[in-house]
Ligand SMILES: Nc1ncnc2c1ncn2[C@@H]1O[C@H](COP(=O)(O)OP(=O)(O)OP(=O)(O)O)[C@@H](O)[C@H]1O
Ligand SMILES: [Mg+2]
């Protein structure tokens, strides 16, 4: 489904009018026609059921008072046989009880006779919106079931399809892969997909978060150490490179690795062996290497922060993940999948209103899929009822920049605003970094990088 088709189907709505009065039938058919609908009209419930058997319709508009089988009985039959047909009933003035009974039995709305043309038009248009929303959601759920994705990755856009093809291809080989992309675009998920679709899938997948490694401990973390190698080394410990032996090592945020460690890592990868700290013995390792970063490594090389030789070593195959704003057609499917993920399985599936979906489509998503996932998780937690509405979305989506100019807010550089936001959130979470990252809608690794950048690593322990 592309962006445009979100804002509508090509085929007209089909409507079946059931009323024993010819004049009402004609009037309803004319109103339906004016709304761009394809209308058929019959005079009894029996005729209606016969016709529906061959041509199910989107909307049934029926009088409650019919000659043989009553309108209420027709409603019951149609609800059972064609659950996706929306039923709108016509009731006589003064018979509100039957209208209430009809809604209880599943009619979406009722119109009291005699009615104004405009009134019927408005009701038909409202039902149309409900029907379209329901059809769209069913379609999305269907697409989800048939798994248009790869290893948990969702996407039907041409850009994501290219990513899936590439995963399929590179997973069968051994060469290093460098995954580039903004924060929250799915770099780690892609790395996992490559590993779990390849011949090493039964072997370990070991992620190494280079941004959260403590500089003084990196070497022993990566290569391990032997008993007595340093104060406190009471036992020997295997390093991450050895833990990943025969499997895959995933260097996340490789751009954050200190330069001196980069040289040691390169050597280990080239020679395919590690030397634990304090040991003289070298141990052979066989690992597949995947690395990821959201930094511009070429710029980092230029600035002397990244070694060119390590870059060449890692950048054998490069995968660039598209930001969400460049593949907005994937948003409805992602939303459907997150709604399913966060909703209580005991309850009816949640859907999202057209207005709310339009906001999601209009937004720029600087935090990419992670930000969208957080927005839906929050909406599900805050909202109640089967439909997620605009009001359940985060305020930056409801009030895009400029809509709500702060009145007397201090004007500060972006960096300072960011630093304060992190600090405030850290305080609120009592220093819980995972919760802080989630609330800010950024990855844990991004948070660690920013903490380092603002010298806040030790703030609120
Ligand atoms: N295509 C996708 N389909 C479904 N979920 C996705 C997709 N891409 C990302 N996600 C989800 O979004 C979140 C962020 O993904 P991931 O951690 O892989 O991103 P990242 O690029 O590594 O981010 P960062 O740079 O911040 O570390 C995860 O919860 C992941 O499951
Ligand atoms: Mg990541």
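The values are calculated or read from the model by the stated rules, or taken from the named source; none is laboratory data. What you see is a predicted model, and the numbers here were worked out from it, not measured in a lab. Please note: Cβ atoms are built from the backbone with ideal geometry, for glycine as well, and neighbour counts cover all protein chains shown.
For the stretch 137-160, enumerate the residues that are modelled with pLDDT of 80 or more and over 14 Å from the mean Cα position of the chain (by Cα).
Across the stretch 137-160, the qualifying residues are 158, 159.
Take the stretch 103-127 and flag every residue that is in contact with a helix residue (DSSP H, G or I) (Cβ under 6 Å, 6 or more places away or on another chain), surrounded by 15 or more Cβ atoms within 10 Å (Cβ to Cβ) and in a helix (DSSP H, G or I).
Passing the criteria: 120, 121.
Any residue in the stretch 242-266 that is at positive phi sitting within a Cβ distance under 6 Å of a residue that is within 16 Å of ligand 2 (Cβ to nearest atom)? List the pairs, counting only those 6 or more apart or interchain.
Between residues of the stretch 242-266 that are at positive phi and residues that are within 16 Å of ligand 2 (Cβ to nearest atom), the close pairs are 253/210; 253/211; 253/293; 253/445.
Suppose we filter the stretch 32-69 for residues that are without any contact (Cβ under 8 Å) to a residue 12 or more places away in the chain and surrounded by 21 or more Cβ atoms within 10 Å (Cβ to Cβ); how many remain?
0
Please go through the stretch 167-191 and pick out each residue that is within 14 Å of ligand 2 (Cβ to nearest atom) and in a strand (DSSP E or B).
Matches in the stretch 167-191: 178, 179, 180.
Which of the residues belonging to the stretch 198-225 are surrounded by fewer than 16 Cβ atoms within 10 Å (Cβ to Cβ) and modelled with pLDDT of 90 or more?
To start, the set of residues in the stretch 198-225 that are surrounded by fewer than 16 Cβ atoms within 10 Å (Cβ to Cβ) comprises 199, 201-202, 204, 214-217.
Across the stretch 198-225, the qualifying residues are 199, 201, 202, 204.
Of all residues in the stretch 171-185, which are out of contact with any strand residue (DSSP E or B) (no Cβ under 7 Å at 6 or more places or on another chain) and near ligand 1 (Cβ under 10 Å from one of its atoms)? Lay out the reasoning, then the answer.
Quick first cut of the stretch 171-185, residues out of contact with any strand residue (DSSP E or B) (no Cβ under 7 Å at 6 or more places or on another chain) only: 171-173, 182-185.
Once the filter is applied, which keeps residues that are out of contact with any strand residue (DSSP E or B) (no Cβ under 7 Å at 6 or more places or on another chain) and near ligand 1 (Cβ under 10 Å from one of its atoms), the stretch 171-185 yields 182, 183, 184, 185.
Kindly indicate the residue of the stretch 310-331 that is in a strand (DSSP E or B) and in contact with a helix residue (DSSP H, G or I) (Cβ under 7 Å, 6 or more places away or on another chain) and also nearest to ligand 2 (Cβ to nearest atom) among those meeting that condition.
Across the stretch 310-331, the extreme among qualifying residues is 319.
Mind telling me which of the residues 375, 348 ends up being crowded, with 21+ Cβ neighbours inside 10 Å and either touching a residue at least 24 places away in the same chain (Cβ under 8 Å) or in a helix (DSSP H, G or I) (or both)?
Only one candidate passes the filter, namely 375.
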